[in-house]
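These notes concern the structure reproduced below.
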Amino acid sequence: MSKQIQKEKLIIIGGGPAGLTSAIYSSRAGLNPLVINGPEPGGQITLTPDLENFPGFPDGIGGFELMDKVSKQAQKFGTRMVFEIVEEVQFENKPYIIKTDAKQYEAESVIIATGSEAKRLGLYREEELTGNGISYCATCDGAFFKEKEVAVVGGGNVAIEEADFLTKFASKVYLIHRRNKLRGDQILADRIKQNEKVEILWSTEVKELKGDNNLSGIVIENNKNGEVKQIEDVKGLFMAVGYNPRTEIFEGQINLDENKYIITDDEQRTNRSGIFAAGDVQEPVFNQVIVAAGTGAKAAMQVDKYLIGY
């Protein structure tokens, strides 16, 4: 049985900061956009408990709260939203075809804002123990580790924030970083170094996971002196080592770089006329909410020009 076909002027794939900012701008331009929210409405930022560097919020704001406001703002101007999963796209010919788990769409123009997902370490049994001691979201799972020892892997802002958040629950937090200096903002780095519940393990990597049905410990190695040791009391391991762009369904349809990020020019255009990309899905360096929002605004303005024939 074929899926119902719905024709649209503009479809935005993704409902994170880039996608919803695109929706605000394109709605105000009268483009009547349809946003297809994927598996993570609001994007990765909804997992951040306290966003301190977004302009306009001197006391900080929760990621979920911020995206709830942005979503309401987009809908206020007429943005329509559906909560479906895009399964396939066909971008070789116009109109562009987008197939979801519920419907088939034809679009004159598309903004891709599918964001990114947390990287795995690639350790043996990592997938098996995910949800049984291994997590990629401290906000989601931190409360399960009250008065237990946990570890966070990474050295950027996300890792530092995760470690700081986990001190609300855990008895001790190891911050495991493969380099000898944190990569996060100085204010966050200074704060975590002063937290008595956090021990930073410099130049260290996780090599092995212990436990049968649940994580019961980790084996680490110092990459400077080769020392290997086991930390037996770690019951939770939180991964914060970066992200991979969500571009699997676009392979062969638009140009991607060697790391699978969508290639765009300075005006957010892909190699397909009328198809634009914004946010973490095309930005491998500056993974910040404000950058994603900015590129989303640019993409929407370029779509407006494209549709009126500039």
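The table below gives the values:
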quantity: Hey, L215 farther than 24 Å from G43 by Cα, hydrophobic (A, V, I, L, M, F, W, C) and surrounded by 13 or more Cβ atoms within 10 Å (Cβ to Cβ) or not; calculated: yes
quantity: Residue that is of a type in the set (F, W, Y), touching a Lys or Arg at 6+ places or on another chain (Cβ under 9 Å) and closer than 16 Å to I112 by Cα, where the choices are F91, F77, F83; calculated: F91
quantity: Total residues in the stretch 164-198, condition under 15 Å from E52 (Cβ atoms) and either of a type outside the set (D, E) or surrounded by 15 or more Cβ atoms within 10 Å (Cβ to Cβ) (or both); calculated: 10
quantity: Number of the condition not met by N271 [criteria: (1) in contact with a Lys or Arg (Cβ under 8 Å, 6 or more places away or on another chain); (2) within 23 Å of I97 (Cβ to Cβ); (3) not in a helix (DSSP H, G or I)]; calculated: (1)
quantity: Criterion violated by A159 - all others in (1) on the phi > 0 side of the Ramachandran plot; (2) crowded, with 19+ Cβ neighbours inside 10 Å satisfied; calculated: (1)
quantity: Any hit, the stretch 72-81, residues being touching a residue at least 60 places away in the same chain (Cβ under 8 Å) and either farther than 19 Å from V206 by Cα or within 20 Å of the chain's Cα centre (by Cα) (or both); calculated: yes
quantity: Residue in the stretch 271-297 that is surrounded by the fewest Cβ atoms within 10 Å (Cβ to Cβ), counting only those that are out of contact with any helix residue (DSSP H, G or I) (no Cβ under 9 Å at 6 or more places or on another chain) and modelled with pLDDT of 95 or more; calculated: N271
quantity: Those residues of the stretch 13-33 which are touching a Gly at 6+ places or on another chain (Cβ under 8 Å), farther than 11 Å from G296 by Cα and either surrounded by fewer than 20 Cβ atoms within 10 Å (Cβ to Cβ) or among the β-branched types (V, I, T) (or both), in sequence order; calculated: I13, N32
quantity: Residues (exposed (fewer than 15 other Cβ atoms within 10 Å of the Cβ), within 21 Å of the chain's Cα centre (by Cα) and among the charged types (D, E, K, R)) located in the stretch 120-134; calculated: R120, E127
quantity: Which numbered condition I200 fails, given (1) modelled with pLDDT of 95 or more; (2) of a type outside the set (F, W, Y); (3) farther than 18 Å from G226 by Cα; calculated: (3)
quantity: Answer from L51, L20 - the residue that is modelled with pLDDT under 90 and among the aliphatic types (A, V, I, L, M); calculated: L51
quantity: Only one of E149, E162 that is modelled with pLDDT under 95 and closer than 22 Å to E232 by Cα; calculated: E162
quantity: Filtered residues of the stretch 274-310 (kept if charged (D, E, K, R) and either under 29 Å from L47 (Cα atoms) or assigned to a loop (DSSP other than H, G, I, E, B) (or both)); calculated: D280, E283, K298
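This table checks each residue for (1) closer than 25 Å to T130 by Cβ; (2) modelled with pLDDT of 95 or more; (3) out of contact with any Leu (no Cβ under 6 Å at 6 or more places or on another chain); (4) polar (S, T, N, Q).
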{"residue": "E205", "(1), (2), (3), (4)": "yes, yes, yes, no"}
{"residue": "N213", "(1), (2), (3), (4)": "yes, no, yes, yes"}
{"residue": "V219", "(1), (2), (3), (4)": "yes, yes, yes, no"}
{"residue": "N223", "(1), (2), (3), (4)": "yes, yes, yes, yes"}
{"residue": "E227", "(1), (2), (3), (4)": "no, yes, yes, no"}
{"residue": "I231", "(1), (2), (3), (4)": "yes, yes, yes, no"}
{"residue": "F238", "(1), (2), (3), (4)": "yes, yes, yes, no"}
{"residue": "G242", "(1), (2), (3), (4)": "yes, no, yes, no"}
{"residue": "N255", "(1), (2), (3), (4)": "no, yes, yes, yes"}
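Yes or no, residue by residue, for (1) in a helix (DSSP H, G or I); (2) surrounded by 14 or more Cβ atoms within 10 Å (Cβ to Cβ):
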| site | (1), (2) |
| --- | --- |
| V35 | no, yes |
| P39 | no, no |
| G42 | no, yes |
| G56 | no, no |
| L66 | yes, yes |
| V70 | yes, yes |
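The values are calculated or read from the model by the stated rules, or taken from the named source; none is laboratory data. Owing to the predicted nature of the structure, the values given are computational and were not obtained by experimental measurement. We place every Cβ from the backbone using ideal geometry, glycine too, and count neighbours over all the protein chains shown.
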